[in-house]
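Structure first, then comments.
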Amino acid sequence: MISAARVAMAAALAATFATGASGGEPRTVITISTVLASNQSRNFDPKLVDLRSELRSLRFKSYRLVGSESRLVKGNGDQCGIELPNDRYLHITTRDHTADHLRMHVLLNEGNRPLINTDIKLEQGSVVLLGGPRGPDGTLIITIGAKEAAAEPKGRSARTGRGRQGSKAPVEKVEKAQEAAVPHPSQAAKPSE
């Protein structure tokens, strides 16, 4: 006869494994925006209204949104990257990903030369500003924001958005935009002949 203690222990172990297998790892949407800051005018791009207080603390008078992209990262060790203006590439690797915060390694390359190579910690819902390179039109400011992602629908693959029966379910824009971390095109290995 099986004891009640053994049944309880088996149930607890089963619950532990089921939770781990259900994808309980944290999911965060990282939004990366590039902003051109200068003192040439007093224009403030209305698309940057959510970053107004952070940007106004800087020494510039004019701010223009150059581009903004979002990526979904899951768990520790996940990677993502985006191309930025003027042959620059931003690569992010998650280091410590919890429900409350995201610690990540950030590498900004221009060509093959690193411009920024640092670790940062973001609380969920916060934004960090990185001062980028100066150019003739101003200074590039890179903003990185973290926001907890909505839970993935059950039975749906994050890669394809297809349910268990292969139905065509809509894919979240951020999942569709997510790409595997690849080196900047100028860093890609060339096939040997």
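Structure values in brief
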{"item": "Criterion violated by Ser41 - all others in (1) of a type in the set (Gly, Ala, Ser); (2) over 12 Å from the mean Cα position of the chain (by Cα); (3) part of a strand (DSSP E or B) satisfied", "result": "(3)"}
{"item": "Sole residue being part of a loop (DSSP other than H, G, I, E, B) and at pLDDT 50 or above, chosen from Glu152, Glu193, Glu179", "result": "Glu152"}
{"item": "Elements of type strands (runs of 3 or more DSSP E) in segment 53-147, at least 1 residues being closer than 20 Å to Gln40 by Cβ and without any contact (Cβ under 8 Å) to a residue 60 or more places away in the chain", "result": "62-74, 127-135"}
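The values are calculated or read from the model by the stated rules, or taken from the named source; none is laboratory data. A quick note: this is a predicted structure, and the numbers were derived from the prediction, not measured. FYI the Cβ positions are ideal-geometry reconstructions off the backbone, even for glycines, and counts take in every protein chain you see.
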